[in-house]
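Before any comments, here is the structure.
Values in this text are rule-based calculations from the coordinates and carry no lab data. On a predicted model such as this, the values are computed, not experimentally measured, just so you know. Don't worry about glycine lacking a Cβ; one is built from the backbone with ideal geometry, like all the others, and counts go over all protein chains shown.
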Amino acid sequence: MPHTVPATPAKRPASLIENRSIGYIPQDERHGRPLNQFTLWFGANLQITAIVTGALAVVLGGDVTWSIVGLLIGQILGGIVMALHAVQGPKLGLPQMISSRAQFGVYGAVIPLVLVILMYIGFAASGTVLAGQAVAGLIHSPDAIGIIIFGALTAVIAIIGYRLIHAMGRFASVVSGLAFVYLTIRLLAGTDVSALFADTHFTMAKFLLAMSLSASWQIAYGPYVADYSRYLPADTPAGRTFGSTFAGSVIGTQWSMTFGVLAAALAGQRFSGHEVSFVVSLGGTGLMAALLYFVIALGKLCVNVLNAYGGFMSTITTITGFAGQREISQRTRMVCISGVMLVATVLALVGRGDFLAAFSTFILFLLTFFTPWSAINLVDFYFISKERYDIPAFADPDGRYGRWNAAAISSYLIGILVQLPFLYTGFYTGPMVKHLGGTDISWIIGVIVPAIIYYVLATASRRQIPDHLILPDEAMSR
């Protein structure tokens, strides 16, 4: 008899503070609508770092028209990969990275997890520096005070958890959306827009650069996505989960990056290196300047909370993989989140100068390691296991998925190695980059090659795949 998702029982009373961590979310705790995925990712991407990233397309030599087109195409391609992960949340009822145990093994999943933890902490540290400056500007304090306040606020929201994170996304999508309408109007006021777009000088290298900037931005969200869709009811249509996540992330990011392209083209040196002050200057002084400082801090707060929350999830997933646990206490949860943000805040305070720039470069280099993970995870979910997992076995190293999975680990390592010749970062530059006009296309290689290799190896393996999705409540009833 085909397996069907059980009817959703009566909901438990809602609690503001989240009790769950990496454990399966039972049906009576499921809530929310796919629209919440749109507002979360829309609000999280209307922010200053996305503006700066988009501006790089022009700063590094591209023109306005083809930079925007290239960013949009990369956004769509990367957004598809990103949003496909969102579907896993309501289907499995689990956070994103724990599903890696089905591919890599219960112990083997630690390989990408350790790198993901470094990424979360690095992004949280760099985001805290930038947002701390905005907080300091808002309350007229030294940057260090702004950094500490922002770090503490991030930790508090992440501790309260899922419901507040989504509420903040809804708030930010409205406030930041209105602010970006105002900023876009102010930026283009008195500008000959037709002349700006008429000055085109297409080159393939710069076009691919723009695509790479946005595609990499979207793919980097892969380890995050299911964390914020896992409470949705299990019968939520996959298309609605995918579409809401995709639209929110792509529209929000494209708007921010397009703003960055236009700002870099119009303002030049007045923008580059002075991004926060330039954005605030569009509103003048006084109350409007204060509101724009608030909007900048809010945008960074949205994404920084995701870093703190995801860093905690990945840390616990790593520890429990060896300890054989499925859930942790609320006290442990609070300590872990506080620890993640304490490390990030200390790094932000210490690294406000050259160290943080070097550290951020290293973290961007780490993104190379997440593209093949994403490819392997999605191929397994959609084409090998076809959404049929034994969720209780995720906590059992002697169970169906074992300790280590050679097919996934070898595909992953090959996926990393084949990217290196095409990689272009301040930390490392591959030999093929100069032949491509200084363009990084490693993300394309990093998606295609490991996906093919893993599909072949996993298909040929003797791994037993259940005939339906096995949920914890079903396993306990046997």
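Could you state the number of Å between the C-alpha centres of region 169-211 and region 393-449? Region 393-449 and region 169-211 have Cα centres separated by 32 Å. Within the same chain, aspartates and glutamates fewer than 8 places from Lys206 are excluded, and of the rest, those with a Cα less than 13 Å from its Cα are Asp63, Asp440.
As a calculated quantity, the FRET efficiency between Ser329 and Leu188 at R0 = 45 Å, using C-beta atoms, amounts to about 0.30.
The long axis of helix 64-86 is offset from the longest Cα principal axis of the chain by roughly 20 degrees. Once C-alpha pairs closer than 8 Å and six or more residues apart are averaged by separation and normalised to the residue number of region 105-224, the relative contact order reads 13 percent. The calculated FRET efficiency for Leu178 paired with Ser461, based on their beta-carbon distance and R0 = 41 Å, is about 0.20.
With N the number of residues in the chain, Rg(Cα) / (2.2 N^0.38 Å) evaluates to 0.96. Remark: spin-label model distance Phe197-Ser410 equals 5.2 nm, labels positioned 7 Å along the Cα→Cβ axis. 3J(HN,Hα) along region 244-255: 5, 5, 4, 5, x, 6, 5, 5, x, 5, 5, 4 Hz, from the Karplus curve 6.51 cos²θ - 1.76 cosθ + 1.60 with θ = phi - 60°, whole Hz, x for Gly and Pro.
Compared with the dominant Cα axis of the chain, that is its longest principal axis, helix 442-460 is turned about 10°.
Summed over qualifying helices (DSSP H, 4 residues or more, each -39500 (n - 2.57)) and divided by its residue number, the chain shows a 222 nm mean residue ellipticity of -21500 deg cm²/dmol. Mind pulling the angle between the C-alpha long axis of helix 287-323 and the longest principal axis of the chain? Nearest 10 degrees, somewhere in 0 to 90. Around 30 degrees separate the two axes. Principal axis analysis of the Cα atoms in region 61-142 yields extents of 48, 39, 26 Å, listed in decreasing size. Residue ranges 193-203, 221-231 sort as 221-231, 193-203 when ordered by packing (mean number of other C-beta atoms within 10 Å per residue, highest first). Close amide-amide hydrogen proximity is noted between Ile470 and Tyr389, Asp390, Ile391, each under 5 Å apart and 5 or more residues distant or on a separate chain (H modeled in the peptide plane; Pro and chain starts excluded).
Neighbour counts of other Cβ atoms within 10 Å put Met119, Met432 in the fewest-to-most order Met432, Met119. Pairs of Cα atoms under 8 Å, at least six residues apart: use those to get the relative contact order of region 27-367, whole percent. Computed value for region 27-367: 43 percent relative contact order.
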